[in-house]
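Take a look at the structure below.
The values are calculated or read from the model by the stated rules, or taken from the named source; none is laboratory data. Quantities reported herein were computed from a predicted structural model and do not represent experimental measurements. Cβ: placed from backbone, ideal geometry, glycine included. Neighbour counts: every protein chain shown. Calculation scope for accessible area: heavy atoms of the full protein, side chains included, ligands and nucleic acids excluded. Shrake-Rupley method; radii C 1.70, N 1.55, O 1.52, S 1.80 Å.
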Amino acid sequence: MTSPQQLAAAIRSAAVTAGETVPSVRGADWSIGVVTAVAADGTVSVGDVRARRIDGAYPAPQVGDRIMLTQNSSGNWLAVGRTASAARALGLPMPPRYKPDHTDRASTTTFADDPDLTTVLDANSTYVIEFHLFVGGGPGLIRTQWTVPADATGLKGVQGPASTVAGDSSPQSSADNITMRSGSHGHGTTIVYGRRNVYTNLVYVHETGTVATTTGGTCAIAWAQSTSSTTPARMGLGSWMRATRIS
């Protein structure tokens, strides 16, 4: 015959088992897992677990992602997002780099990376790169090219005042009614931009493109004067860059 003590112990054991296996008893839970399948309906699978993605926190899911899962007391799973790893998260821009002050360069046609507009790219990855530049120049103008890892591939697009623009009179001195350049080029192609009436009056230049890496390394905007002049070329305060890993 079962004693009262034995019956109480059996009830306690059954309660513990239920609490460990039944979500409505156990309450909320979370775990870490590796994605084994991605569905078109906004869910991912981690083994036998199917979880709904939180889109803003977990964009561009891929098989092999290591993610955090959370479960409510009804047993429903959410894929919260990727856990930190050596590689950058897909689809999330790296913190922008910007210029807290002007940089001037005079009497030099030698390219050098801008001291502020530079970042490091991971190996075996593809990035969208954006440069938003406020530039000025005197008679020597300003020219740019990209610094990327030696084995990187991709193209850049550029938009800005054409090299023939010398805005010495109105309205060109206000960067109005000027000839523009808009082309697609290799990362290392030299691009020369026009100017306003004085080098301290800046024009807006936009350069963007993709960089696919095999080995990681520096990505930066390099620049110099097109023709050596004692009147500086300027990379202006507030110029900025951004890199977003997409694969």
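With 0.36 nm allotted per residue and the present C-alpha distance subtracted, the Arg50-Leu92 stretch has 12.8 nm of extension available.
The stretch between Ser74 and Thr208 holds 43.6 nm of extra length on full extension. This uses 0.36 nm per residue minus the Cα-Cα distance. Considering only Val49, Val35, Val80, the Gaussian network model of the chain with Cα springs below 10 Å gives its largest mean-square fluctuation to Val49.
All other residues whose Cβ lies under 9 angstrom from that of Asp122 are scored, Lys and Arg at +1 and Asp and Glu at -1, for a net of +2.
Net length available on complete extension from Asp176 to Thr83 is 28.7 nm, with 0.36 nm assigned per residue and the Cα-Cα distance removed. Take the Cβ atoms of Ser184 and Arg66, set R0 to 45 Å, and the FRET efficiency comes out at 0.80.
Remind me, what semi-axes does the range 179-242 give for its equivalent ellipsoid, largest first in whole Å, using sqrt of 5 times each Cα gyration tensor eigenvalue?
Details: eigenvalues 123, 38, 32 Å².
Rounded to whole Å, the semi-axes are 25, 14, 13.
Convex hull over the Cα atoms of the chain, averaged projected area in nm²? Walk me through the intermediate numbers first.
Details: hull surface 77.0 nm².
That works out to 19.3 nm², a quarter of the Cα hull's surface.
For the range 128-247, the alpha carbon positions stretch 47, 28, 23 Å along the principal axes, listed from largest to smallest.
Relative contact order, percent, of the range 112-192 when contacts are C-alpha pairs under 8 Å separated by at least 6 residues? Before the final figure, lay out each step's value.
Values: 69 pairs, mean separation 27.4, N = 81.
Relative contact order comes out at 34 percent.
Projecting the Cα positions of Ala37, Val165, Ser226 onto the charge dipole of the chain (unit charges on Cβ atoms of Lys, Arg, Asp and Glu, taken about the Cα centre) puts Ala37 furthest along the positive direction. Our coupling estimate for the range 149-166, obtained by passing each phi through the Karplus curve with A = 6.51, B = -1.76, C = 1.60 and θ = phi - 60°, is x, 4, 9, 6, 10, x, 10, 10, x, 10, 9, x, x, 5, 5, 7, 7, 10 Hz, Gly and Pro reported as x. For the range 46-124 versus the range 134-152, the inter-centroid distance based on Cα atoms is 26 Å. At q = 0.18 Å⁻¹, what is the log10 ratio I(q)/I(0) for the range 43-118, with the Debye formula run over Cα points and no solvent? Once normalised to I(0) and log-transformed, intensities are -0.78. Across the accessible surface of the chain, with the other protein chains kept in place and a 1.4 Å probe, carbon and sulfur atoms take up 54 percent.
What does the charge count around Gly81 come to, taking other residues whose C-beta lies under 14 Å from its C-beta (Lys +1, Arg +1, Asp -1, Glu -1)?
Spelling it out: positives minus negatives among the neighbours equals +3.
Residue order by solvent-accessible surface for Arg82, Arg97, Arg234 is Arg97, Arg82, Arg234, largest first, with ligands and nucleic acids left out and a 1.4 Å probe. Peptides 157-166, 125-134 ranked from most to least packed by the mean count of surrounding Cβ atoms within 10 Å: 125-134, 157-166. Heavy atoms of the protein chains alone define the surface here; on that basis the chain has 50 Å² accessible area per residue at 1.4 Å probe size.
Computed from point charges on the beta carbon alone (+1 for Lys and Arg, -1 for Asp and Glu), the dipole magnitude for the chain about its Cα centre is near 120 Debye. Can you tell me the 0 to 90 degree angle between the C-alpha axis of helix 4-21 and the longest principal axis of the chain, rounded to 10? Roughly 20 degrees, rounded to the nearest 10.
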